[in-house]
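The values are calculated or read from the model by the stated rules, or taken from the named source; none is laboratory data. Small disclaimer: the values here were computed from a predicted structure and weren't measured. Quick reminder, even Gly has a Cβ in these numbers, built from the backbone with ideal geometry, and neighbours come from all protein chains shown. These area figures cover heavy atoms from the full protein model, side chains too; ligands, DNA and RNA do not enter into them. Shrake-Rupley method; radii C 1.70, N 1.55, O 1.52, S 1.80 Å.
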2 protein chains.
Amino acid sequence: MDDIEIIGLIAATLTTAAFLPQVYQTWKTKDVSGLSLPMFTMFFVGIVFWLIYGVLKESLSIILANAITVISSFLLLYFKIKYGKN
Amino acid sequence: MDDIEIIGLIAATLTTAAFLPQVYQTWKTKDVSGLSLPMFTMFFVGIVFWLIYGVLKESLSIILANAITVISSFLLLYFKIKYGKN
């Protein structure tokens with residue numbers, strides 16, 4: 001692994017670690033009022049594109065970060081559809 | 001620009017576009033209660049690392065996405081520090 005990839009992995013760890021408590025809190029509180037369904041769907045599709053980009057670029061950092069985020073975003077989307085009123 | 005970069009730019013557009021209304025809404029409502037300062041600081045530092053990664057990898061998509069996000073995250077951090085009580 002080269003030095004650039006280490007910087008990418010630091011980036012991936014920080015942004016992914018910052019996102020996960022949000023997922024946990026939403027799961028615990030069932031409060032999805034702060035999530036806009038259209039915006040979050042757009043975000044989710046964007047993450048899927050980032051994942052494809054990472055695979056095509058053979059970038060371990062991008063693949064790891066977005067694989068984890070795609071799963072946790074999917075959970076948030078599921079919570080939103082299950083618990084959301086608006 | 002190659003085909004892979006087009007996929008990256010679609011990804012960048014979607015995830016960045018999904019994030020901006022959050023910034024706008026926070027600016028309008030001054031409601032920063034949903035933002036955790038430590039988590040958001042971690043996210044911000046992560047985005048800075050992604051930006052460095054994008055520059056080193058010479059990836060236009062990663063640079064564009066994270067340059068915009070670093071500015072808007074900085075605004076959110078500023079709102080949090082200015083308006084946040086907890």
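Restricted to the stretch A:49-68, and to residues that are farther than 15 Å from B:TRP50 by Cα and either touching a Leu at 6+ places or on another chain (Cβ under 9 Å) or not in a helix (DSSP H, G or I) (or both), which residue is most open to solvent (accessible area, probe 1.4 Å)?
The residue in question is A:GLU58.
Confirm whether A:PHE74 is part of a helix (DSSP H, G or I) and either crowded, with 18+ Cβ neighbours inside 10 Å or within 11 Å of another protein chain (Cβ to nearest Cβ) (or both).
No: the conditions fail for A:PHE74.
May I ask you to list the residues in the stretch B:22-39 that are touching a helix residue (DSSP H, G or I) at 6+ places or on another chain (Cβ under 6 Å) and within 7 Å of chain A (Cβ to nearest Cβ)?
Correct list: B:MET39 only.
I'd like the full set of residues that are surrounded by 18 or more Cβ atoms within 10 Å (Cβ to Cβ) and either of a type in the set (Ser, Thr, Tyr) or in contact with a strand residue (DSSP E or B) (Cβ under 9 Å, 6 or more places away or on another chain) (or both), limited to the stretch B:36-48.
B:SER36
With the requirement that a residue be open to solvent by less than 50 Å² (accessible area, probe 1.4 Å) and within 7 Å of chain A (Cβ to nearest Cβ), what does the stretch B:1-21 give you?
B:ILE4, B:ILE7, B:GLY8, B:ALA11, B:LEU14, B:THR15, B:ALA17, B:ALA18, B:PRO21
Identify the single condition in (1) without any contact (Cβ under 8 Å) to a residue 24 or more places away in the chain; (2) outside any helix (DSSP H, G or I); (3) of a type in the set (S, T, N, Q) that B:SER33 does not satisfy, given that it satisfies every other one.
Single failed check for B:SER33: (1).
Which residues, taken from the stretch B:14-36, are touching a Gly at 6+ places or on another chain (Cβ under 7 Å) and more than 22 Å from B:ALA65 (Cβ to Cβ)?
Once the filter is applied, which keeps residues that are touching a Gly at 6+ places or on another chain (Cβ under 7 Å) and more than 22 Å from B:ALA65 (Cβ to Cβ), the stretch B:14-36 yields B:VAL32, B:GLY34.
Restricting to the stretch A:1-28, and then to whatever is among the polar types (S, T, N, Q) and modelled with pLDDT under 90, can you tell me which residue is nearest to B:THR16 (Cα to Cα)? Working first, answer last.
To start, the set of residues in the stretch A:1-28 that are among the polar types (S, T, N, Q) comprises A:13, A:15-16, A:22, A:25-26.
Imposing the further condition that a residue be modelled with pLDDT under 90 reduces the set to A:22, A:25-26.
On the way: A:GLN22: 18, A:GLN25: 23, A:THR26: 22 Å.
Step by step, filter the stretch A:1-28, then rank; the result is A:GLN22.
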